[in-house]
Amino acid sequence: MERLRSVPVADDEVEVLIVGGGAVGLTARALLERWGVRTLLVERHREPSPFPRARLLNVRSMEIYRLLGLAPEITATAFTPEYGRIRFRDTMRDRDFATAAMIGINAPVPESPVTGVVTSQDRLEPILLAGASSPVRFGTGLVDLTEEADGVAALIGGSHGGSHGGSLGASRGSRPGDRTRLRARYVLAADGANSTVRSLLGIGVSGPGRMGGFTTVVFDAVPPGQHRLLRTVGRPGRHLTL
């Protein structure tokens, strides 16, 4: 690993370095900008997630987005409440043998001015990204991190990427081999379960560890009675259809 001591002078300074550009990191960026805190967000992937993944924004999350002025747009792009149920079936064609509603989706919560919504990360994250102007560097990861007397020093870089937002990141991409030493008062770790920040700081985890694996399948459904040609199988004239 390339260490910080190989980059003796800081290239940039910010108040908060946010590591991770998912929903948590992008929300933190918008909140900190609202409070006048100068930030830089780095995300190792080249763009926001194109996959649906998480599907529920609870009431408290929507209260935060209401504060940021983003709740109307999030609600407008969300799924209808009928999708706010968990359904159990033996196969996709069978009837439900059990079902459960997600709390706060189908009916208001008396203590809150908002309701939760059913949406997904590929719909939510572009709204959060556009909801603030603080710089973001996609394709840029955290390489090294160390604590100093008045903050932290971080080494960031990556093999691909670009920038969105303010002057700190707007004129620079993360070209192959690029490395930037950055000083910040704080680092906010929003880089998920396999956190680079946690690993670099030697922060362990407790509990049973990995408990299983999941596979997400994303597909376009065809209305009943219609067929869609998927591909030719075997001899000409034989087709596999849904």
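The values are calculated or read from the model by the stated rules, or taken from the named source; none is laboratory data. Please read these numbers as outputs of a predicted model, since none were measured by experiment. Side chains are part of the model used for accessible areas, which takes the heavy atoms of the whole protein and leaves out ligands, DNA and RNA. Shrake-Rupley method; radii C 1.70, N 1.55, O 1.52, S 1.80 Å.
What to note about this one:
- With DNA, RNA and ligands ignored, accessible area of TYR83 (1.4 Å probe; Å², nearest 10): 130
- Rounded accessible area per residue of region 51-126, 1.4 Å, Å²: 67
- Beta-bridge orientation, region 1-155: approximately 65 percent antiparallel, per DSSP, counting only bridges with both partners inside.
- Taking the protein heavy atoms of region 70-143 in the context of the full set of protein chains, the accessible area attributed to carbon and sulfur is 57 percent at 1.4 Å.
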